[in-house]
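One structure below.
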Amino acid sequence: MKIKRAVISVSNKSGLQGLATFLKNYSVEILSTGGTKKYLDGIGVSPIEVSAYTGFPEIMDGRVKTLHPKVHGGILNIRDNKEHQKAMESLNIKHIDMIVVNLYPFKEVISKGCTFEEAIENIDIGGPSMIRAAAKNFKYVTVVIDPDDYSRVMENMKANNGETTEDLRFYLAKKVFYSTSEYDSNIYKYLSKIKR
């Protein structure tokens, strides 16, 4: 699948400059939010604010940013399903071909000691929703959650004229489900120790 549009929203910005610049050089349209958008603006990548794409502002102190049909429809549509594509066209939803997301650092935050309220605010909702959607639809969407995979993705795109292979997409999708199960397990373990 050729990468034409990507969402980038990361807590860990390690290696991001190289990947974002690479995608820009391949004429990939980049959508982003909050701190990631500021970072990308600062390195000259200039992404589109997700709220400008959806037509809906970030609300509730950033708790709701990417939870929108124009984001999830763009990720989850089956590209060779005519009904899906009719819905995309009628609702002005664009295909999203790549998700570059890593989650709020819940485990790191609680390991340093924090209030219960801080822990709760570091439970990511939009991130897991996007990466799980992309992993489910790996036939069409490339999902990248680990900076260690950036070079692999770039090499794959270079070797395939801006496309990624299904083998790579499947590998990355499996990594998502392992990661989100571990993430939820850490939240459960933390909450299990709290007396309410």
* Gain in span if fully extended, R63 to R152, counting 0.36 nm per residue against the direct Cα distance -> 28.9 nm
* **Formal net charge of residues neighbouring A87 (Cβ-Cβ distance under 13 Å; K, R +1; D, E -1)** => +3
* For T21, net neighbour charge (Lys/Arg +1, Asp/Glu -1) across residues whose Cβ lies under 14 Å away -> +2
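Stretch Y26-E89 to full length: gain in nm at 0.36 nm per residue minus the Cα-Cα span?
20.2 nm
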* Asked: Can you work out the FRET efficiency for the pair N160 and R196, with r the C-beta to C-beta distance and R0 = 45 Å, to the nearest 0.05?
  -> 0.30
* Asked: For the chain, what mean projected area does the convex hull of the alpha carbons give, in nm²?
  -> 11.7 nm²
* Taking 7 Å along the Cα-to-C-beta vector as the label spot, tell me the K139-Y171 distance in nanometres, rounded to one decimal. => 2.2 nm
* To do: Please report the orientation-averaged projected area of the stretch 42-86, defined via the convex hull of its C-alpha atoms, in nm².
  => 4.6 nm²
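Each value in this text was obtained by applying a stated rule to the coordinates, not by laboratory testing. All figures in this text were calculated on a predicted structure; none of them were measured in a lab. Cβ atoms come from the backbone with ideal geometry, glycine included; neighbour counts cover every protein chain shown.
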